[in-house]
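**Q** Sharing a structure, written as structure tokens. Questions coming.
The values are calculated or read from the model by the stated rules, or taken from the named source; none is laboratory data. Since this is a predicted model, take the numbers as computed values, not measurements. Ideal geometry is used to build each Cβ from the backbone, glycine not excepted, and the neighbour counts take in all protein chains shown. Just so you know, the surface numbers come from the protein's heavy atoms only, side chains and all, with ligands and any DNA or RNA stripped out. Shrake-Rupley method; radii C 1.70, N 1.55, O 1.52, S 1.80 Å.
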Amino acid sequence: AAGSLAQAGVVVLLAALGFLGVGTGPAAAADGEVSWAVTTASGDFGTGRPNYNYTLDPGGRLDDGLVIVNHGTTPLHMVVYAADGFTTKQGRLDLITRDAKSAGVGAWVHTNRSDVTVRPGESVEIPFTVALPDNAAPGEYMGGIVTSPTQAGEADGSDGDRRLGIRIRLRVGGELKPSLSVEDMHVRYSGTPSPFGKGDATVTYTIRNTGNAILTARQAVAVSGPFGRLGVHAAQIDDSPQLLPGDTWKVSVPVHGVAPVLRLAGTVTLVPLLTDASGSVAPLAAVESTAHAWTAPWALLLCLIVLCGIVVAALVARRRRQTKLRVQEAVEQPLRERETSDR
């Protein structure tokens, strides 16, 4: 589940030291003498915020801040930068690396410095500005501000395994068009040796966020025979992770107890879930897609073939008996007529 940003080269924030950082509140990390935390600054937007949430019109501008706290025992030299977000294949939010090009949040957020040194036991506030271009497209964007300690002699802070960041969710004013689609849908069937038994089907598909809003997909899958008969529903499926606009998420769902009825129809139903900055969830109109697959109940067909063979063999044997009787009758009839005439 990676959109186009994933191809730009990324580093997972949960690597090496298990850092969290793009998410849900003050983040902290420790590695020997290196230990630091990042929090949102207090100001006009409030105090104790778990992350940043903004609504801004194209051409708009706002100022905020990030606080870095050094919990270690040595001075900590950090690089600070903004980056676009994406959804990893594991369904987590991550941020692209500093050397990858950002086109959204990472391009519109500017810190007032690119690096800072924080003394042990102290904290430093890093002001930053969010400035949107006049042609910024309406919709929702995800990104964050990242901090990373530099090693001795590293001026670019490229040690991507040691990063902490705080998420920025940005809503650019204009029409919001949430939309999901189902792509590359396939149905596969695995039969059963029992001629009257049932097998398993597997429905695979890709969910694509085709709109301009961040969405989660609630999913349901069913498989049925012709005219909707003998329908079977899959077990409950977990909701997809939050998908950013343009992101995809691949899904494979087993469906058990499916009768081999020659032609199966698999149906996927998605309910897009729109979550706003306050955390409230709004379900939207469902999206449905269907794919078909042919099934061959080989065991039952084999039984039918054997049965037909038996019937054919019986008919042939009966016809042979009847033919033999007719030949025998044709031979005996003249003999009987001759015996009758001799008398």
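**Q** On full extension of the chain, what length is gained from residue 181 through residue 229, given 0.36 nm per residue of separation minus the C-alpha to C-alpha distance?
**A** This chain segment gains 14.7 nm when fully extended.
**Q** Hey, what's the stretch 207-248 come to in accessible area per residue, 1.4 Å probe, Å²?
**A** Here the per-residue accessible area is 48 Å².
**Q** What list of whole percents do you get for P(r) of the stretch 213-264, with Cα-Cα distances grouped in 5 Å bins up to the one holding the largest distance?
**A** Computed distribution, short to long bins: 4, 18, 22, 16, 14, 11, 9, 5, 0.
**Q** Something else: By average Cβ neighbour count within 10 Å, what is the ranking of 205-217, 244-256, 316-328 from highest down?
**A** 205-217, 244-256, 316-328
**Q** A further question on this structure: Tell me, what HN-Hα J-couplings in whole Hz come from the Karplus equation 6.51 cos²θ - 1.76 cosθ + 1.60 at θ = phi - 60° for each residue of the stretch 45-62, using x for Gly and Pro?
**A** Those phi angles translate into 8, x, 10, x, 6, x, 6, 9, 10, 10, 10, 8, 7, x, x, x, 8, 8 Hz.
**Q** Within the stretch 276-296, find all residues whose amide N lies under 12 Å from a label point positioned 7 Å from the Cα of residue 210 along Cα-to-beta-carbon.
**A** Under cut-off, by backbone N: 287-289.
**Q** How much of the accessible area of the stretch 71-150, probe 1.4 Å, is carbon plus sulfur, in whole percent?
**A** Ligands and nucleic acids excluded, carbon and sulfur reach 46 percent.
**Q** Give the Rg/Rh ratio for the stretch 52-191, taking Rg as the radius of gyration of the Cα atoms and Rh as the Kirkwood radius, to two decimals.
**A** Radius of gyration relative to Kirkwood radius: 1.09.
**Q** Sort the following peptides by mean Cβ neighbour count (other Cβ atoms within 10 Å, averaged over residues), highest first: 228-238, 178-188, 54-64.
**A** Final packing ranking: 178-188, 54-64, 228-238.
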